[in-house]
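Colleague: Before I ask anything, let me first share the structure, which is written out below as structure tokens.
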């Protein structure tokens, strides 16, 4: 079985699938024969992705909602009757200097980056056990170094990496593999979208980060998607509990 056919008729859930890495992952999975359920908060963005492929279905949901995991899994099982892959891609982040710490903002980051993946894994457990499926969590290379102004974003994603390793052990007996990707600076619209930065500030940060990447450029979703598919593929039956950094060497900088 080749990588190009290993997804035929498999079913995947990709949270945050209406843009960036999530959208690119969903589109690639659909191109390779999978059925894909994507989630997001914007009906318009979800509809735009779904219009590109008959294999993509959508659920409008805020990952911060406590019932989101159950709704997502019920939608996938109800539509296709199985589940083979969960990609926990949704994320929340916001620059916060110490003087601007806000309980609601920190709670929202925790809800999206820690609680939501946890409840989705709980909801998907039975179906993934039946298919001996996989979970791929999307963290961040930011969490591998000190992250002034982004401390809570990095900390919650570091928690997701710890959950990755813990779930890998806990779910191994059910044949479920759990791995994670830690992307570096990627052109995904996250700075102006998830982070909510003005265009000018986002451009300045992009230029600064580009200069810091040893391989000389920011990443693009296509740099990340192949690794998500490899970690999620049934072909990689003996790989679990790993966090793979894909960042052009960015996190190695001094």
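The values are calculated or read from the model by the stated rules, or taken from the named source; none is laboratory data. In this text the structure is predicted, and so the values were computed from the model without any measurement. Positions of Cβ are backbone-derived with ideal geometry, glycine not excepted, and every protein chain shown enters the neighbour counts.
Colleague: Within the range 235-248, can you find the residues that are in contact with a strand residue (DSSP E or B) (Cβ under 8 Å, 6 or more places away or on another chain), in a loop (DSSP other than H, G, I, E, B) and under 18 Å from residue 167 (Cβ atoms)?
Modeller: Filtering the range 235-248 down to residues in contact with a strand residue (DSSP E or B) (Cβ under 8 Å, 6 or more places away or on another chain) leaves 236-237, 239-248.
After this cut, where a residue has to be in a loop (DSSP other than H, G, I, E, B) as well, the list is 236-237, 239-242, 247-248.
If the condition is that a residue be in contact with a strand residue (DSSP E or B) (Cβ under 8 Å, 6 or more places away or on another chain), in a loop (DSSP other than H, G, I, E, B) and under 18 Å from residue 167 (Cβ atoms), then 236, 237, 239, 240, 241, 242 are the ones that fit.
Colleague: Mind checking whether some residue in the range 111-125 is more than 13 Å from residue 11 (Cα to Cα), assigned to a helix (DSSP H, G or I), free of Cβ contacts under 8 Å to residues at least 12 places away in the same chain and in contact with a helix residue (DSSP H, G or I) (Cβ under 9 Å, 6 or more places away or on another chain)?
Modeller: no
Colleague: Can I ask one more? Restricting attention to the range 90-106, does a residue exist that is outside any loop (DSSP other than H, G, I, E, B), in contact with a helix residue (DSSP H, G or I) (Cβ under 7 Å, 6 or more places away or on another chain), more than 14 Å from residue 14 (Cα to Cα) and touching a residue at least 12 places away in the same chain (Cβ under 8 Å)?
Modeller: Looking through the range 90-106, at least one residue is outside any loop (DSSP other than H, G, I, E, B), in contact with a helix residue (DSSP H, G or I) (Cβ under 7 Å, 6 or more places away or on another chain), more than 14 Å from residue 14 (Cα to Cα) and touching a residue at least 12 places away in the same chain (Cβ under 8 Å).
Colleague: Here are 114, 106, 21, 56: which of them is crowded, with 24+ Cβ neighbours inside 10 Å and at pLDDT 95 or above?
Modeller: Of 114, 106, 21, 56, the one residue that is crowded, with 24+ Cβ neighbours inside 10 Å and at pLDDT 95 or above is 21.
Colleague: Within the range 198-230, which residues are part of a loop (DSSP other than H, G, I, E, B) and under 19 Å from residue 251 (Cα atoms)?
Modeller: Those that are part of a loop (DSSP other than H, G, I, E, B) and under 19 Å from residue 251 (Cα atoms): 213, 214, 215, 216, 217, 218, 220.
Colleague: Any chance the range 49-69 includes a residue that's closer than 30 Å to residue 151 by Cα, in a helix (DSSP H, G or I) and in contact (Cβ under 8 Å) with a residue 12 or more places away in the chain?
Modeller: Yes, the range 49-69 contains at least one residue that is closer than 30 Å to residue 151 by Cα, in a helix (DSSP H, G or I) and in contact (Cβ under 8 Å) with a residue 12 or more places away in the chain.
Colleague: If you don't mind, another one. Could you say which residue among 188, 254 is under 14 Å from the mean Cα position of the chain (by Cα), at pLDDT below 90 and farther than 25 Å from residue 130 by Cα?
Modeller: 188
Colleague: Return the residue satisfying two criteria in turn: it lies in the range 24-48 and is assigned to a strand (DSSP E or B) and in contact with a strand residue (DSSP E or B) (Cβ under 6 Å, 6 or more places away or on another chain), and of such residues it is surrounded by the most Cβ atoms within 10 Å (Cβ to Cβ).
Modeller: The qualifying residue surrounded by the most Cβ atoms within 10 Å (Cβ to Cβ) is 38.
Colleague: Please indicate, with yes or no, whether at least one residue in the range 156-177 is buried (at least 21 other Cβ atoms within 10 Å of the Cβ) and farther than 14 Å from residue 121 by Cα.
Modeller: yes
Colleague: Continuing with this model, one more query. Sort out which residues of the range 143-155 are in contact (Cβ under 8 Å) with a residue 60 or more places away in the chain and either under 15 Å from the mean Cα position of the chain (by Cα) or not in a loop (DSSP other than H, G, I, E, B) (or both), and write them in order of number.
Modeller: 144, 153
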